[in-house]
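S.K.: Sharing a structure below in structure tokens format, with a few things to ask.
The values are calculated or read from the model by the stated rules, or taken from the named source; none is laboratory data. These figures come from a predicted structure and were not determined experimentally. Glycine also receives a Cβ, built like all others from the backbone with ideal geometry; neighbour counts cover every protein chain displayed.
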Amino acid sequence: MHNQVIQYFEWLFIKLHSVKDFIELTIGATFYFFEAFVRLLLQPARKDVEGEIVLITGAAQGIGKLIAEELGRLGVTLVLWDVNWEALDKTAKELRRMLDVRVYAYACDCSRRTEVYKVADLVKREVGDVSILVNNAGVVTGKYTFTEAPDNLVDRTLRVNAAAHFWTYKAFLPAMIARDHGHLVCVACHGGLFAMNGLADYCASKFAAVGFAESIALELLVLKREGIKTTIVCPYLINTTMFGGCQTKWPSFLPIIDQKDAAKRIVDAILCEQMFLLLPSSLYLLMALKSFMPAKLGIIFVNFFGGLDLMDRFRGIPVPTVSYKRPQRQRENSVLGET
């Protein structure tokens, strides 16, 4: 009799817990669908980032440089990382002339864990705790089948595009958690959502980056660190040298994105604390179709939109053409950053 009573209460507790979960699901779904609907009608408020310390990887040129320029106009302190010191130094000087903000530049090969930690410690001492981290650095192996791709290039793709995010988060996230304040930005690619022919290592690295960023967002939610926001950006082809020569079959549906427009959209997503940004918006439709489409039909769609021959005319920069070179005195940046 005693065991039956205990079993009954256990059963009742499980049922009540299930009812509670169902109620929470219903209320949450209703609220967030309503919130999403309101966001479509009203312009969401943008947060003030003046005074924030923003670190951008791969900032010497292209989209990284333009994101730095857009954020610099908002009064942030810029910390720029890149493997190409000559180009980075030139960019930093240009931004200092253009913007009335502090700009620090550090040579850093993000594919090297110890290098990331070492330069991160330097940043903390010379600039302060990073509050907005933009993981933008990326490489693409180029026009190879997977079996033809040199092992060293495959390894570098995985380390720069995915593993580097682990090390930068390890370096800067603890301070954000301690303050319950910060923003993590993962600049990935549509190749992190859809597979593409000829880009096995690249797609694998971008899928990993997106999955990692999503997982960290959930971890922060469980830790009740709601003051730390996450933005995951997945653009289609941007008109930079990285995917030079690649063309789109349907420019009205999947256009090649202007890099200045992409930078503005990314910064706008950060200011609105938008968790996902897909560029162009047609990618949202393709993602919805992918979720329920039969696999073989999906392949037909990939071919229809050019995913099977995307790299046929590739003439971009497959690997960094400038060898890594560390400036003799990284500390010079602390002086230059004040100017």
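S.K.: Given the criteria within 21 Å of Ala188 (Cβ to Cβ) and part of a loop (DSSP other than H, G, I, E, B), does Gly128 qualify? Steps first, answer last, please.
M.R.: On the way: within 21 Å of Ala188 (Cβ to Cβ): no; part of a loop (DSSP other than H, G, I, E, B): yes.
No.
S.K.: Go through region 39-73 residue by residue and tally those that are touching a helix residue (DSSP H, G or I) at 6+ places or on another chain (Cβ under 8 Å) and more than 17 Å from Ser111 (Cβ to Cβ).
M.R.: Here is the first cut: in region 39-73, the ones touching a helix residue (DSSP H, G or I) at 6+ places or on another chain (Cβ under 8 Å) are 46-47, 49, 54-63, 65-72.
Next, only the ones that are more than 17 Å from Ser111 (Cβ to Cβ) stay: 46-47, 49, 54, 61-63, 65-72.
Number satisfying all stated conditions: 15.
S.K.: Continuing with this model, one more query. Being surrounded by 22 or more Cβ atoms within 10 Å (Cβ to Cβ), farther than 26 Å from Asp121 by Cβ and in contact with a helix residue (DSSP H, G or I) (Cβ under 8 Å, 6 or more places away or on another chain) narrows it down to one residue among Cys234, Cys203, Cys186; which is it?
M.R.: Checking each option against the conditions leaves just Cys234.
S.K.: Which one of these is assigned to a loop (DSSP other than H, G, I, E, B) and either outside the structural domain of Val185 (by TED's automatic domain parsing) or without any contact (Cβ under 8 Å) to a residue 12 or more places away in the chain (or both): Glu148, Glu115? Please lay out each step first, then the result.
M.R.: Working: Glu115 fails: assigned to a loop (DSSP other than H, G, I, E, B).
The unique qualifying residue is Glu148.
S.K.: Let me ask something else about it. Looking for something hydrophobic (A, V, I, L, M, F, W, C) and either part of a loop (DSSP other than H, G, I, E, B) or at pLDDT below 95 (or both) - is there at least one such residue anywhere in region 168-190?
M.R.: Looking only at region 168-190, we keep the residues that are hydrophobic (A, V, I, L, M, F, W, C), and these are 171-173, 175-178, 184-189.
Next, from what is left, pick out any that are either part of a loop (DSSP other than H, G, I, E, B) or at pLDDT below 95 (or both): 188-189.
Checked region 168-190: at least one residue is hydrophobic (A, V, I, L, M, F, W, C) and either part of a loop (DSSP other than H, G, I, E, B) or at pLDDT below 95 (or both).
S.K.: I've got another one for you. Has region 132-139 got at least one residue that is surrounded by 17 or more Cβ atoms within 10 Å (Cβ to Cβ) and within 14 Å of Ala204 (Cβ to Cβ)? Let's see the steps before the verdict.
M.R.: Of region 132-139, the ones surrounded by 17 or more Cβ atoms within 10 Å (Cβ to Cβ) are 132-139.
Of the ones still in play, those that are also within 14 Å of Ala204 (Cβ to Cβ) are 138-139.
Taking every residue of region 132-139 in turn, at least one turns out to be surrounded by 17 or more Cβ atoms within 10 Å (Cβ to Cβ) and within 14 Å of Ala204 (Cβ to Cβ).
S.K.: Return the residues of region 249-270 that are buried (at least 16 other Cβ atoms within 10 Å of the Cβ), in contact (Cβ under 8 Å) with a residue 40 or more places away in the chain and touching a Pro at 6+ places or on another chain (Cβ under 9 Å); say none if nothing qualifies.
M.R.: Within region 249-270, Leu254, Ala262, Ile266 meet the criteria.
S.K.: Continuing with this model, one more query. Which of the residues belonging to region 62-112 are within 29 Å of Cys272 (Cα to Cα), without any contact (Cβ under 8 Å) to a residue 60 or more places away in the chain and among the small types (Gly, Ala, Ser)?
M.R.: Ala68, Gly72, Gly75
Residues are listed down the side, and each one gets a yes or a no for (1) out of contact with any Cys (no Cβ under 7 Å at 6 or more places or on another chain); (2) assigned to a helix (DSSP H, G or I); (3) farther than 25 Å from Leu66 by Cα:
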site	(1), (2), (3)
Ala195	no, no, yes
Cys203	yes, yes, no
Ile216	yes, yes, yes
Glu226	yes, no, yes
Lys249	yes, no, yes
Ala263	yes, yes, no
Asp268	yes, yes, no
Tyr284	yes, yes, no
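S.K.: Please work out which one of (1) surrounded by fewer than 21 Cβ atoms within 10 Å (Cβ to Cβ); (2) assigned by TED's automatic domain parsing to the domain that holds Phe172 is the condition Val79 fails and give its number.
M.R.: Exception for Val79: condition (1).
S.K.: Also, quick follow-up: Any residue at all in region 129-137 that is under 19 Å from the mean Cα position of the chain (by Cα), among the charged types (D, E, K, R) and at pLDDT 95 or above?
M.R.: Going through region 129-137, the residues under 19 Å from the mean Cα position of the chain (by Cα) turn out to be 130-137.
The next check asks that each one be among the charged types (D, E, K, R); those that pass are none.
No.
S.K.: Can you tell me which residue among Thr26, Thr91 is in contact with a Lys or Arg (Cβ under 9 Å, 6 or more places away or on another chain), among the hydroxyl-bearing types (Ser, Thr, Tyr) and either in a helix (DSSP H, G or I) or modelled with pLDDT under 95 (or both)?
M.R.: Working: Thr26 fails: in contact with a Lys or Arg (Cβ under 9 Å, 6 or more places away or on another chain).
Result: Thr91 is the single residue among Thr26, Thr91 that is in contact with a Lys or Arg (Cβ under 9 Å, 6 or more places away or on another chain), among the hydroxyl-bearing types (Ser, Thr, Tyr) and either in a helix (DSSP H, G or I) or modelled with pLDDT under 95 (or both).
S.K.: Being on the phi > 0 side of the Ramachandran plot and more than 15 Å from the chain's Cα centre (by Cα), is that true of even one residue in region 186-200?
M.R.: The answer is yes, given that some residue of region 186-200 is on the phi > 0 side of the Ramachandran plot and more than 15 Å from the chain's Cα centre (by Cα).
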